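The values are calculated or read from the model by the stated rules, or taken from the named source; none is laboratory data. Being a predicted model, the structure only gives us computed values, none of them experimental. Reconstructed Cβ throughout: ideal geometry from the backbone, glycine too, with neighbour counts over all protein chains shown. Side chains are part of the model used for accessible areas, which takes the heavy atoms of the whole protein and leaves out ligands, DNA and RNA. Shrake-Rupley method; radii C 1.70, N 1.55, O 1.52, S 1.80 Å.
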Amino acid sequence: MIDSHCHLNFVDFDETRDEIIKKCREEFKYIVDCGASIEGNNRSLKLKNEYENFIKCTMGYHPVYAGQDDKETTDKTIKQIIDNLDNIQAIGEIGLDFSENRSEDELNRQHKNFHRMLEVATEYDMPIVLHVREAEEHALEIVKQYPGIPDVIFHCFSGTKTTALEAVDCGYYISFATNALFSKKHKKNIKAVPLENMLTETDSPYLSPVKGEANQPSNIRLTIERIERTKKIEFSEIEKQTEKNAINVYNL
């Protein structure tokens, strides 16, 4: 198994991280830890260096930060990502977040910095990991303007089936997380998206299937079981194909 998107770098895991990783080594090929800010990117890279050949990392600029940070912080974050391209598997998470009411200035900065990151990905031939909460269709139209980006992952996809299939038509990947366990919308998307365009993730510590507990990578099994029930495909086949997809997109 491969958890294609989690945040073991978060302080939430400071007391349990080593034990979680030790347990995951028994079943997982890789864990992909994702940065979203200057501090998070540094922690993710440190984690990757501590658990070399097992934990891989990405560096990104979460749209909430990208919409709120001052120019100096933005420039530092983008420079940090560029300076570390040889150490990461993808740029992300990046994107747009329309899940709350935001000022016009904040939305403009989200868009501006999203385009800046897409330009970097194009220039350096890097895959991207998208956070596009309640902005899936809009973000898809933007990303399509950058055909030079080698691979695109819609992390924790919660958009419509129509948008999912349009992304698939573009050759992009749709990643399903543990929130798919409880959602009819996600069930429809799982049915529609071909296994060849599918990744699995937990987004730990978020989206825990157990109320009051932090999510962790081992719960990826529950996501795969959900896909198994929905698509009527054997667990082992889903595991094998989603591993192959993650290895391809992240160049693992």
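Surface composition of segment 116-252: carbon plus sulfur atoms contribute 47% of the solvent-accessible area (1.4 Å probe, protein chains only, all chains present). Overall form of segment 1-132: prolate. Here a/c, set by the Cα gyration tensor axes a ≥ b ≥ c, is 1.5 or more, and a/b is the larger of a/b and b/c.
For Cα extents along the principal axes in Å, the value calculated from this model appears in [x] 75, 35, 33; [y] 55, 40, 39; [z] 47, 41, 35 under label [z].
How much length would be gained if the chain were fully extended between Thr230 and Gln68, taking 0.36 nm per residue of separation minus their Cα-Cα distance, in nm to one decimal? If you can, show how the numbers build up before the last one.
Values: separation 162, 0.36 × 162 = 58.32 nm, distance 3.93 nm.
Between Thr230 and Gln68, full extension yields 54.4 nm more.
Please find the FRET efficiency linking Glu141 to Asn108, where r is the Cβ-Cβ separation and R0 is fixed at 25 Å, and quote it to the nearest 0.05.
According to the calculation, E is roughly 0.90.
Full extension of the chain between Asn101 and Asn248 gives 49.2 nm of extra length, using 0.36 nm per residue less the Cα-Cα distance. Among 48-54, 83-89, sorting by the average number of other beta carbon atoms lying within 10 angstrom of each residue, highest first, gives 83-89, 48-54. Listed peptides 183-190, 20-27 appear in the order 183-190, 20-27 once ranked by packing, highest mean of other Cβ atoms within 10 Å at the front.
Sorting 109-121, 58-70 by average packing, meaning the other beta carbons within 10 Å per residue, from highest down gives 58-70, 109-121.
Between beta-carbons, use under 12 Å as the cut-off and find the net charge around Leu45, counting Lys and Arg +1, Asp and Glu -1.
Numbers: positive: Arg43, Lys46, Lys48, Lys56; negative: Asp33, Glu39, Glu50, Glu52, Asp83, Asp86.
Combined, the nearby Lys, Arg, Asp and Glu give -2.
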